[in-house]
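Visitor: To start, I am sharing the structure in question, which I have written as structure tokens.
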Amino acid sequence: MANKNLQPIGPPLQPTTYKLQPKKGYAMLFSVLISSLLVAIGLSIFSLTLKELTISTSARESQVAFYAANSGMDCAIYWNFQDKFAGSVAPDVSGVQCGESFGSASASGDVYKFKFDITSDTNGPCVEVVVTKGTDTIIESRGKNICGAEGRKVERGLTATIITPPATLP
């Protein structure tokens, strides 16, 4: 029941067999492996850079805190040799000035405390100093990189003991 009006155009179609060629998807596999390797290397470099940045920031903030403690120590030693911390009745430590800063100061017995900002910024570095008078003078200075409420705070401290020489006998 074939249609007599239809004539074949060419020879009848023969089944085609295909040979599998093993190198046909190799380029795709190779490019995926190489791009995965490059992404892994890129992420590793990014991770190392982030860690280095964190370490360098921490070192910088630690240095700021140490310099603040050192400034407080220098100020306390200066005022100690000016006899500002002498007097056991009612010592006046209100005039303690360090650089351009007047800080808060208090005294109780032989313990003198003062605090001041290193810069005019209230969120900047500051220092708290405790001077204990006795046979020897002990100065404890604690510098902070940030004195406000925000940020990662780092504190460094210094302690100095000024030994009073014994009285010489005539």
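The values are calculated or read from the model by the stated rules, or taken from the named source; none is laboratory data. Bear in mind that the values here come from a model prediction, so they are computed numbers and not experimental data. Glycine also receives a Cβ, built like all others from the backbone with ideal geometry; neighbour counts cover every protein chain displayed. Note: accessible area is taken over every heavy atom of the protein model, side chains too, but ligands, DNA and RNA are not part of it. Shrake-Rupley method; radii C 1.70, N 1.55, O 1.52, S 1.80 Å.
Visitor: So, restricting to strands (runs of 3 or more DSSP E) that lie completely within segment 97-161, which ones have at least 2 residues that are exposed (fewer than 14 other Cβ atoms within 10 Å of the Cβ)? Steps first, answer last, please.
Guide: On the way: elements: 104-108, 111-117, 126-132, 137-144.
Those strands (runs of 3 or more DSSP E) span 104-108.
Visitor: Do the conditions hold for Lys144, that is, is it under 14 Å from Trp79 (Cα atoms), charged (D, E, K, R) and touching a Cys at 6+ places or on another chain (Cβ under 7 Å)? Walk me through how you get there before you give the answer.
Guide: Numbers: under 14 Å from Trp79 (Cα atoms): no; charged (D, E, K, R): yes; touching a Cys at 6+ places or on another chain (Cβ under 7 Å): yes.
Answer is no for this residue.
Visitor: If you don't mind, there's one more thing I want to ask. Of the residues Val39, Val89, which is modelled with pLDDT of 80 or more, farther than 23 Å from Leu158 by Cα, open to solvent by 60 Å² or more (accessible area, probe 1.4 Å) and of a type in the set (Val, Ile, Thr)? Step through it out loud before you land on a result.
Guide: On the way: Val89 fails: modelled with pLDDT of 80 or more.
Being modelled with pLDDT of 80 or more, farther than 23 Å from Leu158 by Cα, open to solvent by 60 Å² or more (accessible area, probe 1.4 Å) and of a type in the set (Val, Ile, Thr) holds for just one of Val39, Val89, which is Val39.
Visitor: Here's another thing I want to ask about it. Take the residues of segment 151-170 that are farther than 11 Å from Gly72 by Cβ and within 13 Å of the chain's Cα centre (by Cα): which is modelled with the lowest pLDDT? Before you say what the answer is, go through the steps one by one.
Guide: We begin by selecting, within segment 151-170, every residue farther than 11 Å from Gly72 by Cβ; these are 151-155, 159, 161-170.
In the following step, the residues that additionally are within 13 Å of the chain's Cα centre (by Cα) were identified as 151-155.
Values: Gly151: 77, Arg152: 83, Lys153: 87, Val154: 89, Glu155: 90.
This residue is Gly151.
Visitor: Can I ask one more? If the Cβ limit is 8 Å and pairs must be 6+ apart or interchain, which residue in segment 147-162 that is of a type in the set (Lys, Arg) pairs with which residue that is in a strand (DSSP E or B) and open to solvent by 100 Å² or more (accessible area, probe 1.4 Å)?
Guide: Arg156/Arg142
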